[in-house]
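This report refers to the structure that appears directly beneath it.
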Amino acid sequence: MNEASRFAVGIDLGTTNSVVGYVDLQADAEHPAQAILPLPQLTQPGVVENRSQLPSFLYLPHETEVAPHELVLPWGESRNGVVGVIARQLGSKTPLRLVASAKSWLCHGGVDRRSGFLPLNAPEDLAKVSPLQASAAYLAHLKAAWNHQFPEHPLEQQDVTLTVPASFDPAARDLTVEAARLVGLQQLTLLEEPQAALYSWVKASGDDWRKQVNVGDVILVVDVGGGTTDLSLIAVTEEEGNLQLNRIAVGDHILLGGDNMDLALAYRLKAKLEAEGKALQAWQIQALTHSCRDAKEALLTDPDTLSVPIVVPSRGSKLLGATLRTELTREEVEQTLVDGFFPQVQIHEHPRQALRTALAQLGLPYASDAGITRHLAAFLCRQAEATVDMFGQPQASFIKPTAVLFNGGVLKAPLLARRLMGVINQWLQQAGAEPARLLEGADLDLAVANGAAYYGYVRKGHGVRIRGGIANAYYVGIESEMPAVPGMEPPLQALCVAPFGMEEGSATEPSAAEFGLVVGEPVQFRFFGSNVRRGDTAGVLLEDWEPTELEELPPIQATLPVENRRPGEVVPVRLAARVTELGTLCLEAIPRNSDQRWRVEFDVRNA
Amino acid sequence: MNVDFTALPATLDILHLTLGALSLLLIVLLLLKGKPRQLPISPAPVQVAEPSKPVQAPAQPALKTHSPDAALQLLSLLQQEARFIDFLNEDLKGFSDAEIGAVARVVHEGGKKTLQQYFTLAPVRSEDEETRITLPEGFNAAEVRVTGNVVGQPPFTGTLVHRGWRVTNVNLPKLADGHDARILVPAEVEL
């Protein structure tokens with residue numbers, strides 16, 4: 001915390017939209033004023049507008065495409081591409097120059113996230129960018145917008161809270177921090193998005209939140225954004241007479257969100273039009289997707305609307321006679337979205353395919369099962385034991401949330417929110433539990449940025465803080481020394497290097513086990529995470545485990561520099577972990593008889 | 001054009017609605033033309049342009065009191081969101097009301113979006129139309145137009161025929177220096 005920081009700033013660096021919220025720390029300390037930063041951005045060449053959201057898209061225009069003076073922002077010309085509404089607009093017609101979903105690439109371990117490979121299908125002559133650079137480009141725009149509005153209080157000198165999905169692995173968190181450092185942000189803290197949503201709810205409820213939750217409550221946060229679905233569980237406990245919030249579990253990273261839904265509707269209408277003998281071109285499907293987004297909202301909001309006409313105007317200046325017309329009915333929306341994405345399933349029905357099956361694939365690992373309720377059922381079953389430490393009583397086959405908080409634009413639709421609540425409550429009812437309450441009162445689009453800004457204020461010692469620490473235990477794989485058996489992998493042991501729930505600023509003792517590092521050569525380790533093994537302490541060596549308990553992450557890598565050593569020499573090192581103040585995990589290799597510590601890299605090139 | 005006004009009531013409603021919206025937009029256009037841009041009616045939205053880079057074109061010769069940029073800008077927004085120019089330039093002859101109705105939806109939806117995004121509108125009078133209201137002495141003649149039996153001195157009592165519209169806030173996008181506002185929408189060439 002810095003004395004010079006006038007504002008607590010929260011940045012929601014989203015997959016499809018980014019938002020900046022802030023709290024004035026020098027104003028009323030009891031009831032801090034909160035605001036969303038207007039974000040000037042190009043909406044088309046030569047036109048600048050303020051929006052509350054910056055679409056997280058980067059467009060790399062051709063040199064002849066737009067004149068430089070048409071790309072002027074209030075703080076100067078855009079260099080190396082444009083971001084925001086204009087990027088999405090231009091990119092919708094020229095996708096090969098559009099970088100999208102950089103955030104999803106940031107947590108994709110199968111690629112080198114520092115190398116320029118986006119846009120994926122770009123022509124050779126285009127200077128491609130890395131997911132890291134794209135994220136930095138969005139942050140640079142947000143920073144410029146801030147500094148333009150508050151020249152006296154540059155963002156570099158404010159306390160900034162940057163949100164990440166709860167399911168981000170250590171490497172993705174490190175890269176997010178690196179992107180922020182690239183644009184000069186130093187006073188930085190990371191916060192998980194579902195936690196930010198809960199902070200926003202706490203802030204919006206004022207003192208009333210203590211009345212709305214009780215000791216023993218388990219709050220399920222369901223965040224369905226444009227591109228991803230993120231799940232978290234938060235338990236309410238009591239300490240010295242005060243309510244405490246504890247984040248006890250997070251879900252897997254699920255690449256499934258509102259954009260998939262719009263696309264699903266568009267393809268449904270495409271099929272309908274083709275059945276009428278009308279063939280559609282690519283640009284018409286694009287326009288169809290766009291119209292479906294608005295029509296979907298109308299149908300999901302107003303129960304009396306039975307159908308919404310969808311019109312795709314011609315591309316040319318002749319409108320009449322060339323316009324495609326169809327309609328989207330309530331039944332189609334219910335079948336495609338409500339039953340397709342939120343099917344009424346039983347608690348034991350889980351996604352058909354495990355996530356992150358092939359690490360090496362090129363392309364984003366989109367969820368192959370669109371049933372969000374199935375992913376949710378799997379999460380609740382997997383976390384059945386999550387509250388045993390807190391409340392003692394073991395849950396039966398799944399953890400039973402007592403309250404639900406929604407976040408993300410998709411769940412603004414009452415029909416979807418109702419269905420999701422209905423499915424959860426059906427599970428609870430069948431298990432003989434009370435129905436869960438819906439915690440209301442947050443703006444689902446802006447909650448994360450608002451909550452992140454409020455968190456900066458909470459860190460100054462006001463209000464309640466959600467405790468959590470890291471939501472996974474981490475393990476390094478050790479191949480046991482056993483004669484190789486043809487056709488069989490050598491048995492693997494897993495050494496716990498960072499236990500579940502390690503809090504910011506804490507560290508583990510160096511492990512007893514030692515690893516041989518070859519001086520001057522990078523050595524890779526297999527790396528695992530578990531979001532269910534809560535009891536393992538640092539140094540525990542696992543001989544065997546259930547396949548579902550440990551998830552293999554991309555390998556990590558340590559390199560001992562040559563200084564004062566002979567290249568090729570094997571030096572025994574021990575491993576220790578610490579969680580930094582800003583919320584990232586740091587693994588270090590410590591050579592025997594030495595105080596030196598060498599950082600173990602999570603993001604390994606050419607993995 | 002031969003329109004049977006007894007047939008196709010639903011389509012005609014849409015058409016009327018749209019035409020009504022169009023005339024409203026034209027009024028707004030006129031309003032804009034008649035007044036300097038960036039009406040300082042309410043607390044100004046956050047300034048986007050740097051002071052050193054004026055958004056407006058340099059002052060025109062004395063004969064021209066107002067730059068047409070704001071009007072052109074609005075036309076451009078209406079064309080892009082609502083296909084306004086395309087629609088008005090269509091010859092409606094030979095097309096059925098159903099076909100025109102389908103296109104009218106594009107114009108209506110896009111026009112409404114544009115209106116909501118860039119203008120905050122409020123009725124001048126909050127009373128219900130077709131009710132009797134009284135205008136006090138010294139009422140603002142720019143806000144309320146009295147018609148019909150206009151004799152004697154206020155207070156006047158009469159029937160509110162139309163509530164009127166007032167723009168309470170204008171939030172038009174800023175234009176880059178050197179941006180040619182006369183290009184309402186560029187030609188598009190797919191390579």
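Just so you know, all these numbers are worked out from the coordinates, no wet-lab data involved. Quick caveat: nothing in here was measured; it's all calculated off a predicted structure. FYI the Cβ positions are ideal-geometry reconstructions off the backbone, even for glycines, and counts take in every protein chain you see.
The figures follow:
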quantity: A:ASP217 surrounded by fewer than 23 Cβ atoms within 10 Å (Cβ to Cβ) and within 12 Å of A:PRO401 (Cβ to Cβ); calculated: yes
quantity: Pair list, Cβ under 9 Å, 6 or more apart: segment A:302-328 residue surrounded by 14 or more Cβ atoms within 10 Å (Cβ to Cβ), other residue among the charged types (D, E, K, R) and assigned to a strand (DSSP E or B); calculated: A:SER307/A:GLU327; A:VAL308/A:GLU327; A:PRO309/A:ARG325; A:PRO309/A:GLU327; A:ILE310/A:ARG325; A:ILE310/A:GLU327; A:VAL311/A:ARG325; A:VAL312/A:ARG325
quantity: Filter result for B:THR147 (among the hydroxyl-bearing types (Ser, Thr, Tyr), outside any loop (DSSP other than H, G, I, E, B) and away from chain A (no Cβ under 14 Å)); calculated: no
quantity: Members of segment A:525-551 found to be touching a residue at least 60 places away in the same chain (Cβ under 8 Å), closer than 24 Å to A:ALA378 by Cβ and outside any loop (DSSP other than H, G, I, E, B), listed by number; calculated: A:PHE527, A:GLY529, A:LEU542, A:GLU551
quantity: Residues located in segment A:493-536, provided they are farther than 26 Å from A:SER594 by Cα, of a type in the set (Val, Ile, Thr) and more than 27 Å from the chain's Cα centre (by Cα); calculated: none
quantity: Any helices (runs of 4 or more DSSP H) falling wholly within segment A:167-215 and containing at least 2 residues that are within 17 Å of the chain's Cα centre (by Cα); calculated: A:170-182, A:193-205
quantity: Residue in segment B:169-188 that is more than 14 Å from chain A (Cβ to nearest Cβ) and either surrounded by 15 or more Cβ atoms within 10 Å (Cβ to Cβ) or within 30 Å of B:PRO68 (Cα to Cα) (or both) present; calculated: no
quantity: Which numbered condition A:GLN89 misses (of (1) buried (at least 23 other Cβ atoms within 10 Å of the Cβ); (2) without any contact (Cβ under 8 Å) to a residue 60 or more places away in the chain; (3) under 30 Å from A:ALA447 (Cα atoms); (4) touching a Ser or Thr at 6+ places or on another chain (Cβ under 8 Å)); calculated: (1)
quantity: Any hit, segment B:142-163, residues being in contact (Cβ under 8 Å) with a residue 24 or more places away in the chain, within 24 Å of B:SER67 (Cβ to Cβ) and either among the small types (Gly, Ala, Ser) or exposed (fewer than 13 other Cβ atoms within 10 Å of the Cβ) (or both); calculated: no
quantity: Positions within segment A:418-442 being closer than 20 Å to A:ILE234 by Cα, in contact (Cβ under 8 Å) with a residue 12 or more places away in the chain and not aliphatic (A, V, I, L, M), in sequence order; calculated: A:TRP427, A:GLU434, A:ARG437, A:GLY441
quantity: Index of the failed condition, B:PRO136 passing every other in (1) in contact with a helix residue (DSSP H, G or I) (Cβ under 8 Å, 6 or more places away or on another chain); (2) more than 14 Å from chain A (Cβ to nearest Cβ); calculated: (1)
quantity: The one condition in (1) part of a strand (DSSP E or B); (2) more than 23 Å from the chain's Cα centre (by Cα); (3) over 13 Å from A:ALA589 (Cα atoms); (4) of a type outside the set (Val, Ile, Thr) that A:GLN557 fails to fulfil; calculated: (3)
quantity: Some residue of segment A:44-59 being aromatic (Phe, Trp, Tyr) and touching a Phe, Trp or Tyr at 6+ places or on another chain (Cβ under 8 Å); calculated: no
quantity: Within segment A:307-350, considering residues that are among the basic types (Lys, Arg) and within 14 Å of another protein chain (Cβ to nearest Cβ), the one farthest from the chain's Cα centre (by Cα); calculated: A:LYS318
quantity: In segment A:43-92, residue farthest from the other protein chains (Cβ to nearest Cβ) [restricted to those that are part of a helix (DSSP H, G or I) and among the hydrophobic types (A, V, I, L, M, F, W, C)]; calculated: A:ALA87
quantity: Segment B:81-99: number of residues that are closer than 15 Å to A:VAL311 by Cα and facing another protein chain (nearest Cβ under 7 Å); calculated: 3
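Residues checked against (1) more than 9 Å from every other protein chain (Cβ to nearest Cβ); (2) in contact (Cβ under 8 Å) with a residue 60 or more places away in the chain; (3) buried (at least 16 other Cβ atoms within 10 Å of the Cβ):
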{"site": "B:ASP69", "(1), (2), (3)": "yes, yes, yes"}
{"site": "B:GLN79", "(1), (2), (3)": "yes, yes, yes"}
{"site": "B:GLU109", "(1), (2), (3)": "no, no, yes"}
{"site": "B:VAL124", "(1), (2), (3)": "yes, no, no"}
